[in-house]
Amino acid sequence: MKSIRSCIVIILALLLFSGCKKFLEEQSQTLAYAKTWQRLDEVLRGEVYIINKNLPFKFLNTMDDDIADYVGSVSFIDARADIFGFYTWQANPFTANTFMQLTDNTWAPMYRRINAANIVAYQATTSKDDPVQLKRIRGEALFMRAFYYFYMVNIYAGAYNRSTATTDMGVPLKITEYVEDRFFTRSTVDSVYRQMVEDLETAEQCLEGVTQRTTYRADINAVNLLQSRVYLYMQDWDKAIEAADKVLARKPVLSQLAAYIPHTSFLTKESPEVLFTQDGNVMMGIMPEVFPPKAMKPSDELMALYTGNDLRKTAFFEMNAGKYRYIKVYSSTLNNISPAETASDVFTMRVAEAYLNKAEALTMLKKDKEANQVLNTLRRTRFSPDYFQPVDLSGAALAAFVRDERRRELSFEGHRWFDLKRYAVNPVYPFSKKITHNYSDVFFGGSPFVKASLVLEPNDPAYLFPIPADVIIFNQGVLKQNPQRPDRTF
């Protein structure tokens with residue numbers, strides 16, 4: 001009981017430190033710092049990680065070309081309601097399906113967790129307790145800080161463009177553990193990425209040789225994979241390959257989909273592919289089996305990418321009520337199956353990404369032969385032996401195939417929206433496209449119809465989320481807003 005009370009005091013101090021409604025609106029309260037590594041670990045687990053809490057970025061898989069809506073019949077319950085503003089690219093993406101304006105529930109919670117990571121990382125360097133445990137704790141805190149900044153800068157800012165990143169507006173960087181009596185500005189995109197690189201380098205040193213008991217906690221493999229992803233976004237191809245190779249040297253194993261058992265989850269925290277995840281999965285809810293009949297489904301364009309012999313089509317998706325649905329984490333009312341634990345549809349990091357990051361970087365370096373070899377290593381596990389055919393492509397055709405393979409493999413895992421943004425600024429093989437989302441409805445006695453057909457153009461301002469208005473006001477204009485997103489009310 002004493003331990004629980006101590007932890008509550010620490011958590012309350014963290015919340016006071018970071019503020020609740022305004023960005024970094026800190027109060028001049030004395031922080032009750034944790035004095036043992038066990039207490040610090042409790043804060044790390046409860047306030048930095050997001051296990052068994054409502055996941056942020058629930059919208060991340062609902063805005064791209066992999067998703068479409070589905071209306072089968074009249075229903076007062078609509079699985080699309082919570083993601084309406086994101087799917088339809090509203091001027092304020094936090095908009096209900098009644099067009100009522102909601103509050104951004106991402107910015108402040110993320111900065112509270114970043115603030116908690118700042119405190120934990122600092123305390124781990126000043127505590128006099130077990131140095132081995134404190135080193136591990138610091139590594140995990142810095143990994144999570146980099147992880148959160150990765151999502152924040154890619155949601156609220158543009159993709160990393162090597163020619164403009166040093167001047168493009170990113171997000172505010174707050175990495176100190178103490179109160180700063182100043183207004184915050186937006187750091188450049190390059191500055192945010194450089195901080196991620198620095199945090200991950202330190203995290204790698206801290207987590208070397210550490211074995212975690214669960215994939216809900218970060219280890220050196222998660223660090224190296226995030227490094228690979230960050231360098232890939234920065235178009236630093238050699239370093240992206242180097243970091244991916246570190247992962248593959250330790251964890252090269254891929255799931256053999258020929259052995260997949262129907263009605264089971266491909267993504268679990270025990271999967272040999274999963275390196276790191278958090279709890280909570282939105283896709284299970286918005287792509288139901290039958291009810292409600294107003295919901296989401298994979299787009300026809302995405303499903304067409306899976307050939308008839310690609311085993312991912314049946315391991316990742318299931319046909320119900322005339323539509324496909326997501327089943328990477330399997331849940332079924334009809335079959336009375338509920339997953340005991342879930343893997344995140346945003347925060348899961350797995351071995352397949354290391355192969356894909358490496359293949360893409362090799363392609364950008366025009367090392368086509370090696371890129372094909374990496375692709376074939378992955379794809380060999382996604383087909384039955386009798387149906388596997390090696391890839392042998394080059395140039396722009398290879399680049400297009402790598403991107404499609406990434407789309408096939410990592411569908412609904414939080415990658416596609418960011419990938420589309422960064423492909424548009426790729427210096428070797430640039431790519432952009434127009435996306436159309438139909439929003440459907442149905443009335444009593446009638447048939448489903450398209451109520452609105454919405455278009456997202458390349459470089460549309462809707463690729464950037466607006467900074468919350470209260471944050472702009474609180475910082476008295478020092479923190480600049482993103483360009484206005486188009487009005488898409490209907």
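We did not get these values from a lab; they are worked out from the coordinates using the rules stated. Every value quoted in this text rests on a predicted model; they were computed, and no experiment measured them. Reconstructed Cβ throughout: ideal geometry from the backbone, glycine too, with neighbour counts over all protein chains shown.
Points worth noting:
- Among the chymotrypsin sites (Phe, Trp or Tyr not before Pro) in segment 39-84, those located in a DSSP loop and surrounded by at most 10 other Cβ atoms within 10 Å of their own Cβ are F76.
- Projected label points at Q205 and Y178, each 7 Å from Cα along the beta carbon direction, are separated by 2.3 nanometres.
- Translational diffusion of segment 423-490, µm² s⁻¹ [Kirkwood Rh, Cα pairs; Stokes-Einstein; 25 °C; 0.890 mPa s]: 159
- Alpha-carbon spread of segment 250-427, three principal axes, descending order, Å: 49, 32, 31
- Neighbour cut-off at most 14 other Cβ (10 Å), DSSP loop, trypsin sites (Lys or Arg not before Pro), segment 431-490: K433, K434, K480
- Segment E341-Q38, extension gain: residue separation times 0.36 nm, minus the distance between their alpha carbons: 106.6 nm
- Per-residue [θ]222 nm for the chain (sum of -39500 (n - 2.57) over DSSP H runs n ≥ 4, rounded to 500): -12000 deg cm²/dmol
- Within segment 125-198, chymotrypsin sites (Phe, Trp or Tyr not before Pro) in DSSP loop having at most 15 other beta-carbon neighbours inside 10 Å: Y178, F183
- Length-normalised contact order for segment 25-175 - Cα pairs under 8 Å, 6+ apart - percent: 25
- When each of the peptides 386-392, 275-281, 344-350 is scored by how many other beta carbons lie within 10 Å of its residues on average, the order from highest to lowest is 344-350, 275-281, 386-392.
- Ordering of 438-450, 331-343 by packing [mean C-beta count within 10 Å, highest first]: 331-343, 438-450
- Residues of type lysines that K251 reaches as a straight line, Cα spacing below 18 Å, ignoring anything fewer than 8 places off in the same chain: K269, K358
- For peptides 113-122, 358-367, sequence by mean Cβ density within 10 Å, most packed first: 113-122, 358-367
- FRET efficiency for S447 and T103, using Cβ-Cβ distance with R0 set to 45 Å, rounded to 0.05: 0.80
- Quotient of C-alpha Rg and 2.2 N^0.38 Å, computed over the chain: 0.97
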